[in-house]
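A quick write-up on the structure given underneath.
The values are calculated or read from the model by the stated rules, or taken from the named source; none is laboratory data. What you see is a predicted model; the values in this text were computed from it and never measured. Note: ideal-geometry Cβ built from the backbone for every residue, glycine included; neighbour counts use all protein chains shown.
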Amino acid sequence: MSELLQREYRRLFEIQLFHHYWLDDGASIFDHLADQAVKARRLLAYDVRRFLALKPTNTTRQTLKASQCLLEETALGAVVLCDSRSEFSGDTVFEFMLTVKDSRLFEYTALTLRPQRICEAYDELHELIYRYKENVPLLSNLTGATRGVSSEELLFLSREYSPLAEDDQVEALGAVGNALAQLTSDGPDATRQELAADRNNFPVYLHQGDVPAITPPAAVTGVPSHGVRLSNDISDDVFVLLRLAAVRPDKEAFSFVDATGKVKTKHPVYQLRFRNRSTFWQYRDKATGADISIESNALPLTYFGNAGHKQKPSENLMKAEKTGAIINRLISEVYV
């Protein structure tokens with residue numbers, strides 16, 4: 001007689017990857033859309049798998065298998081399922097890599113102008129080669145920020161915003177008092193615009209503070225200042241690295257197991273938000289190419305709606321207006 005084994009799975013945690021180019025409606029961010037039916041339809045049409053892929057590192061893949069966990073990619077991101085009876089040690093860590101499937105992502109995504117170059121550095125003392133990829137964000141539930149309260153609290157994997165710094169570059173996001181602002185040119189003396197008078201009313205977007213500083217071994221020089229180290233676990237095509245720990249001591253909502261190592265009744269839902277690019281819309285005569293006018297403020301690029309009052313630009317018609325190496329503003333040309 002065959003033996004029948006039954007296993008009840010429950011959600012250990014979810015990862016939601018929201019890109020505001022595909023969710024916002026012109027100048028109105030998705031979170032502030034009043035029509036709930038519109039928001040529901042927008043999420044039903046949204047599929048992050050068109051432009052991003054999420055995959056576990058080799059070590060995490062082995063840990064998932066040993067723990068009898070299942071990783072399922074979804075239209076909104078991914079969910080990890082486990083046996084309802086599973087227990088995890090407090091030092092369990094899962095790592096996932098985001099890779100780009102559609103290169104057009106870089107045309108409408110803020111903070112993608114800095115190159116993610118791969119650098120090699122030789123350690124003569126130990127005869128080792130270290131490989132790094134610059135400007136790769138590293139996000140963790142140990143450092144993520146929250147918005148909202150109690151049952152409505154949103155768990156972001158991005159850190160809380162820091163004040164804007166003198167050396168920040170165009171599209172940098174940061175706190176100015178209680179407000180949220182974004183640079184519209186390179187520093188020093190960068191221009192900026194306010195996105196929200198109270199940043200607590202806006203999501204925590206992926207920002208420059210999510211890119212970690214690199215501290216190489218003492219004998220190694222010539223490495224980039226910020227980014228991640230590549231390894232057999234972290235592949236060359238990594239765009240964003242996610243690191244999720246079982247327990248966050250200072251903020252229980254971010255933990256995916258309780259104090260005894262058992263799966264929580266209410267699983268955490270981690271969010272990563274990508275901000276859509278904002279540009280100055282420059283209108284040109286489509287017959288002659290002559291300048292007609294240019295918007296006085298940078299306007300967001302969105303698939304739905306129109307942040308301006310005239311024809312909106314295509315996402316692939318963006319250029320950087322420079323003085324030497326300094327970006328003065330990002331322009332989208334609109335031929336009318």
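Can you list the strands (runs of 3 or more DSSP E) found entirely within segment 1-92 that contain at least 1 residues being over 17 Å from the mean Cα position of the chain (by Cα) and of a type in the set (Lys, Arg)? Talk me through it step by step, then tell me what you get.
Numbers: elements: 9-19, 52-56, 70-73, 77-83.
Where strands (runs of 3 or more DSSP E) fall fully within segment 1-92 and carry at least 1 residues being over 17 Å from the mean Cα position of the chain (by Cα) and of a type in the set (Lys, Arg), they are 9-19.
For the structure I just gave you, tell me whether residue 95 is part of a strand (DSSP E or B), modelled with pLDDT of 95 or more and surrounded by fewer than 16 Cβ atoms within 10 Å (Cβ to Cβ).
Values: part of a strand (DSSP E or B): yes; modelled with pLDDT of 95 or more: yes; surrounded by fewer than 16 Cβ atoms within 10 Å (Cβ to Cβ): no.
Taking the combined requirement at face value, the residue does not satisfy it.
Say whether the condition of being among the small types (Gly, Ala, Ser) and under 24 Å from the mean Cα position of the chain (by Cα) is met by at least one residue in segment 256-277.
From segment 256-277, those among the small types (Gly, Ala, Ser) are 259, 261; that's our starting set.
Subset that is under 24 Å from the mean Cα position of the chain (by Cα): none.
No, the conditions are met nowhere in segment 256-277.
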Any residue in segment 262-285 that is within 30 Å of residue 91 (Cβ to Cβ) and of a type in the set (Ser, Thr, Tyr)?
yes
Determine, yes or no, whether residue 331 is surrounded by fewer than 17 Cβ atoms within 10 Å (Cβ to Cβ), outside any loop (DSSP other than H, G, I, E, B) and either hydrophobic (A, V, I, L, M, F, W, C) or touching a residue at least 24 places away in the same chain (Cβ under 8 Å) (or both).
no
Restrict the check to segment 180-188 and report whether at least one residue is over 18 Å from residue 280 (Cβ atoms) and loosely packed, with under 14 Cβ neighbours inside 10 Å.
yes
Quick check on my filter: what residues within segment 115-154 are crowded, with 16+ Cβ neighbours inside 10 Å and touching a Pro at 6+ places or on another chain (Cβ under 6 Å)?
132, 134, 138
So residue 315 ticks every box in (1) in contact (Cβ under 8 Å) with a residue 24 or more places away in the chain; (2) surrounded by fewer than 17 Cβ atoms within 10 Å (Cβ to Cβ); (3) of a type in the set (D, E, K, R) but one. Which box is left unticked?
(2)
Out of the residues in segment 213-249 that are free of Cβ contacts under 8 Å to residues at least 24 places away in the same chain and more than 23 Å from the chain's Cα centre (by Cα), which is farthest from residue 127 (Cα to Cα)?
249
